[in-house]
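The values are calculated or read from the model by the stated rules, or taken from the named source; none is laboratory data. As the structure is a prediction and not an experimental result, all values here were calculated from the model. A quick note on method: Cβ atoms are made from the backbone with ideal geometry, for glycine too, and the neighbour counts reach across all protein chains shown. When the accessible area is computed, the model is the full protein with side chains, heavy atoms only, and any ligands, DNA or RNA have been set aside. Shrake-Rupley method; radii C 1.70, N 1.55, O 1.52, S 1.80 Å.
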Amino acid sequence: MNSKMPVQPFYNETGQLTGVWIPAEEWLKHQDDLESILLKSEKKSALPAEPLNEWTNFLMYWDFNYPVEKKVECKGCGALTSDWTQDDPKKFYLRSASLGGLVAFLCLGCQSRVTKKHFKDHILYECSEFTCKVK
């Protein structure tokens, strides 16, 4: 262990590591880096797997008068991608895709709901901005 940064591990009664204590001055020096690492792993694990089978079924029965478009745009925060399936890191999370032409996404930037309504000859884009209703 580095004597300049005395990190103290905490173990439970069975000997498993349950946490780590970091001195406040070290936390304050590296807070931005540590939070971005810790929150990044938390965000990834918070969402269930995307329903890609719904997307695949949607594509299997594609019969619209225009090519498949994988572009998604959030009017809430301005996030934009030309192909949501290829983004790394992801900007949009697939919520659902129906055979009726409705494809819904969650914007990972601002939590808005972005929908694409596919009609025979055009796509209608809608964005419902996230609003927290907790009092």
inquiry  = Quick check on region 16-36. Is at least one of its residues touching a Phe, Trp or Tyr at 6+ places or on another chain (Cβ under 9 Å), at pLDDT below 85, in a helix (DSSP H, G or I) and surrounded by 10 or more Cβ atoms within 10 Å (Cβ to Cβ)?
reply    = yes
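Can we say residue 94 is touching a Pro at 6+ places or on another chain (Cβ under 8 Å) and within 17 Å of residue 51 (Cα to Cα)? Let's see the steps before the verdict.
Values: touching a Pro at 6+ places or on another chain (Cβ under 8 Å): yes; within 17 Å of residue 51 (Cα to Cα): yes.
It is true that residue 94 is touching a Pro at 6+ places or on another chain (Cβ under 8 Å) and within 17 Å of residue 51 (Cα to Cα).
Residues are listed down the side, and each one gets a yes or a no for (1) among the basic types (Lys, Arg); (2) at pLDDT 85 or above; (3) open to solvent by 80 Å² or more (accessible area, probe 1.4 Å):
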{"site": "41", "(1), (2), (3)": "no, no, no"}
{"site": "52", "(1), (2), (3)": "no, yes, yes"}
{"site": "105", "(1), (2), (3)": "no, yes, no"}
{"site": "113", "(1), (2), (3)": "yes, yes, yes"}
query = Identify, please: which residue in region 76-100 is in contact (Cβ under 8 Å) with a residue 40 or more places away in the chain and touching a strand residue (DSSP E or B) at 6+ places or on another chain (Cβ under 7 Å) and is, among those, farthest from residue 60 (Cα to Cα)?
reply = 76
